[in-house]
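First the structure, in the form of structure tokens, and then the observations on it.
The values are calculated or read from the model by the stated rules, or taken from the named source; none is laboratory data. From a predicted model like this one, the values you see are computed outputs, not experimental measurements. Methodologically, a virtual Cβ is constructed for each residue, glycine included, from the backbone with ideal geometry; neighbour enumeration extends over all protein chains shown. Surface areas here come from the heavy atoms of the whole protein model, side chains and all, with no ligands, DNA or RNA. Shrake-Rupley method; radii C 1.70, N 1.55, O 1.52, S 1.80 Å.
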Amino acid sequence: MSTTNQALQAWVEEVARLTRPDRIHWCDGSEAEYRGLVELMLGNGDLVALNQETHPNCYLHRSSPTDVARTEHLTFICTQDREDAGPNNNWIAPDEAHAKIDSLFDGCMQGRTLYVVPYCMGPIDSPLSRCGVEITDSPYVVANMRIMTRMGAAALARIEREGGFVKGLHSTGDLSPERRFIMHFPEELTIKSIGSGYGGNALLGKKCHALRIGSWQARSEGWLAEHMLIVGIENPQGETHYVAAAFPSACGKTNLAMLIPPATMPGWKVWTVGDDIAWLHLREDGRLWAINPEAGFFGVAPGTGAKTNRNALEMLDRDTIFTNVAVTADQQPWWEGKNKDQTPVIDWKGNPFDAAKGPAAHPNSRFTVSAKQCASVSPRIDDPAGVPISAIVFGGRRAELAPLVFQARDWKHGVLVGASVASETTAAATGAVGVVRRDPMAMQPFCGYNFADYWGHWLSFADKSDKLPKIFHVNWFRQDADGQFMWPGFGENLRVLKWILERCAGQAEAVDTPIGPMPRAEDIDTASLDVSPETLEALLSIDAGRWQAELEDIRTYFAKYGEHMPRGLWEEFERTRIALEKARSAETA
Ligand code: OXD
Ligand code: MN
């Protein structure tokens with residue numbers, strides 16, 4: 001096969017000259033092609049069949065033990081001007097970056113097949129969608145891309161119609177972390193990734209295209225590419241309102257997107273539009289509309305159980321690729337938090353499980369599954385127009401300080417709230433776990449340009465519409481002095497979303513605090529909720545002194561962005577600082 005798109009044809013030929021594959025395969029995205037890839041991988045050991053009676057069409061992939069998460073220190077934004085990448089990104093000049101990575105691509109596909117993977121991020125017929133082509137030598141990546149994107153003939157046809165596409169070149173190389181780089185060239189709409197076969201490093205449509213290159217395109221075209229789930233909340237009156245929420249990796253986006261309302265809230269329903277990425281566009285009606293550019297979920301397996309996320313658990317019993325989970329004696333997939341009645345026998349590395357050597361499933365083990373398999377999937381997931389967003393929610397994993405929920409005073413203050421997000425690190429990236437770091441808009445690993453310019457872009461929306469979503473901040477992860485979670489989380493989070501949507505409709509009460517309006521305990525629906533009044537009180541209070549210290553930390557962080565910092569953000573910072581100072585002097589007076 002080949003293509004009528006000259007630029008694509010020429011690029012494939014150029015890559016083939018460099019990488020010297022034995023064969024070239026243009027992917028059509030068909031079922032037969034997928035089956036062929038699965039057979040190939042079952043034959044070469046890339047996949048292991050799971051129990052086909054309990055889990056039809058489910059397979060397990062074990063990645064190299066040194067390739068189990070995104071590697072942020074090996075990820076680069078290669079812009080002509082270093083300032084454009086900003087202090088939030090690693091940077092190498094484009095010429096040097098191309099030379100360095102091309103020398104690793106030289107001859108790397110000898111003996112292998114080069115797959116050309118055309119894909120569309122977003123509904124195939126949506127004007128908001130954008131296409132890309134990934135060239136890869138990994139059949140595992142091709143199979144995952146088929147689940148995660150609209151991949152194959154229809155995407156190629158759109159590329160041939162439209163002309164433009166994002167180029168992504170990927171090879172697993174020798175999987176050595178010493179020869180691993182994930183490089184982005186936003187000015188060339190190009191991605192080059194070598195040395196990893198894992199998740200966001202290798203499935204280039206996801207973080208590399210939909211967020212890093214996407215955020216760059218979004219700024220130049222006037223929209224937003226965000227690390228956000230999209231969820232529809234239907235109230236007992238049958239009205240559905242949509243919320244987009246940004247939390248750092250492995251902080252519960254998938255669980256919130258698939259939330260099951262507690263039995264004590266009859267009549268409520270939740271509709272999943274996306275669990276990781278949202279592309280948001282301002283429409284003529286003045287509202288922000290969101291599409292989910294992905295077609296599947298690449299979710300964290302550990303912690304996914306009947307109590308935490310029954311919708312996810314149930315969608316995983318067929319047509320799923322698992323990566324780095326453990327297996328039971330009868331070859332069923334297993335991970336910590338899945339099912340107490342089953343026991344793991346083989347760990348994620350393929351060795352007999354020994355609890356003394358660590359968890360059975362890798363903490364960042366994953367499932368790849370089509371969104372269509374989720375019981376709560378929204379009927380609007382393929383809507384070319386997307387869904388209108390009523391509320392944007394930011395959040396992090398904070399054992400201390402951040403209350404259960406507060407609202408930003410307005411859009412500009414909301415940008416400060418988003419830019420100030422901090423969270424404890426998780427296993428989704430290599431490095432220490434549990435360390436609080438700044439993760440503005442949950443985009444620290446994913447913003448493809450200077451964060452200060454990105455905040456400026458966010459602020460610019462304030463003048464464009466008076467119907468923008470209201471902005472909130474939540475923290476499901478507060479702990480008491482004994483290290484116990486104070487809020488039950490999961491389905492009960494709907495109580496907080498209910499207050500948020502009532503605020504959007506002008507129906508719920510709040511008290512003003514120096515960090516923004518906050519519900520009183522009586523403003524949250526606590527019918528049959530197992531949380532003591534004292535705990536709720538503590539969850540809904542702020543310590544002005546500690547917030548002052550937090551603000552000083554934020555000041556130090558923002559200062560790194562120097563001249564690029566938008567004045568509007570410093571103005572919001574000052575407003576909050578003065579409000580805290582007043583609250584503090586009232587306390588001590
Ligand atoms: C992800 C991540 O895989 O954020 O979604 O790491
Ligand atoms: Mn993510």
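So which of GLU502, GLU492 ends up being under 24 Å from the mean Cα position of the chain (by Cα) and open to solvent by less than 60 Å² (accessible area, probe 1.4 Å)? If you could, list the steps in order and put the result at the bottom.
Working: GLU502 fails: under 24 Å from the mean Cα position of the chain (by Cα).
After applying the criteria, what remains is GLU492.
Using the structure shown, decide if VAL387 is open to solvent by less than 20 Å² (accessible area, probe 1.4 Å), in the same structural domain as PRO262 (by TED's automatic domain parsing) and among the hydrophobic types (A, V, I, L, M, F, W, C). So VAL387 passes the test. Within the range 232-251, the residues that satisfy the criterion of being more than 16 Å from ligand 1 (Cβ to nearest atom) and either among the small types (Gly, Ala, Ser) or assigned to a strand (DSSP E or B) (or both) are GLY232, ILE233, GLU234, GLY238, THR240, HIS241, TYR242, VAL243. For GLU239, the conditions (1) open to solvent by 40 Å² or more (accessible area, probe 1.4 Å); (2) assigned by TED's automatic domain parsing to the domain that holds ALA326 all hold with the exception of (2). The residues listed here are PRO352, PRO363; of these, the one that is outside the structural domain of ASP525 (by TED's automatic domain parsing) and under 18 Å from the mean Cα position of the chain (by Cα) is PRO363.
Every listed requirement among (1) away from ligand 2 (no atom under 16 Å from the Cβ); (2) in contact with an Asp or Glu (Cβ under 9 Å, 6 or more places away or on another chain); (3) outside any loop (DSSP other than H, G, I, E, B) is met by GLY267 save one, (3).
I'd like to check something: does the range 448-460 contain any residue that is at pLDDT 95 or above and within 16 Å of ligand 1 (Cβ to nearest atom)? The answer is yes, given that some residue of the range 448-460 is at pLDDT 95 or above and within 16 Å of ligand 1 (Cβ to nearest atom). Contact annotation: residue pairs with Cβ atoms under 7 Å, 6 or more positions apart or on different chains, pairing a residue in the range 234-258 that is of a type in the set (Lys, Arg) with a partner that is within 16 Å of ligand 1 (Cβ to nearest atom) and modelled with pLDDT of 95 or more, are LYS253/LEU229; LYS253/ALA245; LYS253/PHE247; LYS253/ASP275; LYS253/ASP276. So, THR4, is that one of a type in the set (Val, Ile, Thr), touching an Asp or Glu at 6+ places or on another chain (Cβ under 7 Å), at pLDDT 95 or above and open to solvent by 60 Å² or more (accessible area, probe 1.4 Å) or not? The answer is yes for THR4.
Across the range 444-458, what is the number of residues that are within 16 Å of ligand 2 (Cβ to nearest atom), open to solvent by 10 Å² or more (accessible area, probe 1.4 Å) and under 18 Å from CYS78 (Cβ atoms)? So that I can check it myself, show each step before the final result.
Going through the range 444-458, the residues within 16 Å of ligand 2 (Cβ to nearest atom) turn out to be 444-448.
Then drop every residue that is not open to solvent by 10 Å² or more (accessible area, probe 1.4 Å), which leaves 444-445.
Within this subset, residues satisfying the condition of being under 18 Å from CYS78 (Cβ atoms) are 445.
Count: 1.
Got at least one residue in the range 503-510 being in a helix (DSSP H, G or I), modelled with pLDDT of 95 or more and in contact with a His (Cβ under 9 Å, 6 or more places away or on another chain)? Don't jump to the end; show me each part of the working.
Quick first cut of the range 503-510, residues in a helix (DSSP H, G or I) only: 503-504.
With the extra rule that they be modelled with pLDDT of 95 or more, the set shrinks to 503-504.
Still in the list and also in contact with a His (Cβ under 9 Å, 6 or more places away or on another chain): 504.
Among the residues of the range 503-510, at least one is in a helix (DSSP H, G or I), modelled with pLDDT of 95 or more and in contact with a His (Cβ under 9 Å, 6 or more places away or on another chain), which makes the answer yes.
Considering the range 178-230, the qualifying strands (runs of 3 or more DSSP E), each wholly inside and each with 1 or more residues that are away from ligand 2 (no atom under 16 Å from the Cβ) and under 22 Å from ARG82 (Cβ atoms), run over 181-185, 190-194.
Only residues that are open to solvent by 10 Å² or more (accessible area, probe 1.4 Å) and in contact with a helix residue (DSSP H, G or I) (Cβ under 7 Å, 6 or more places away or on another chain) were counted in the range 283-299, giving 2.
For the range 253-264, the set of residues classified as assigned to a loop (DSSP other than H, G, I, E, B) and out of contact with any helix residue (DSSP H, G or I) (no Cβ under 8 Å at 6 or more places or on another chain) consists of ALA263, THR264, listed by residue number.
Of the listed requirements (1) within 26 Å of the chain's Cα centre (by Cα); (2) open to solvent by less than 40 Å² (accessible area, probe 1.4 Å); (3) not aliphatic (A, V, I, L, M), GLU33 misses just one: (1).
Specify which of the listed residues (ASP523, ASP466, ASP482) is open to solvent by 60 Å² or more (accessible area, probe 1.4 Å) and without any contact (Cβ under 8 Å) to a residue 60 or more places away in the chain.
Numbers: ASP523 fails: open to solvent by 60 Å² or more (accessible area, probe 1.4 Å); ASP466 fails: without any contact (Cβ under 8 Å) to a residue 60 or more places away in the chain.
The unique qualifying residue is ASP482.
The combined condition, being touching a residue at least 12 places away in the same chain (Cβ under 8 Å), open to solvent by less than 50 Å² (accessible area, probe 1.4 Å) and under 22 Å from MET151 (Cβ atoms), is not fulfilled by LEU42.
Here ALA250 fulfils each of the conditions (1) within 26 Å of PRO488 (Cα to Cα); (2) aliphatic (A, V, I, L, M); (3) in the same structural domain as TRP458 (by TED's automatic domain parsing); (4) away from ligand 2 (no atom under 16 Å from the Cβ) apart from (4). The strands (runs of 3 or more DSSP E) located wholly in the range 57-155 include none with 3 or more residues which are in contact (Cβ under 8 Å) with a residue 12 or more places away in the chain and open to solvent by 10 Å² or more (accessible area, probe 1.4 Å). Against the list (1) within 16 Å of ligand 2 (Cβ to nearest atom); (2) modelled with pLDDT of 95 or more, the condition ALA69 fails is (2).
Given the criterion modelled with pLDDT under 95, under 14 Å from LEU497 (Cβ atoms) and under 18 Å from the mean Cα position of the chain (by Cα), identify the matching residue among GLY252, GLY232.
Answer to the selection: GLY252.
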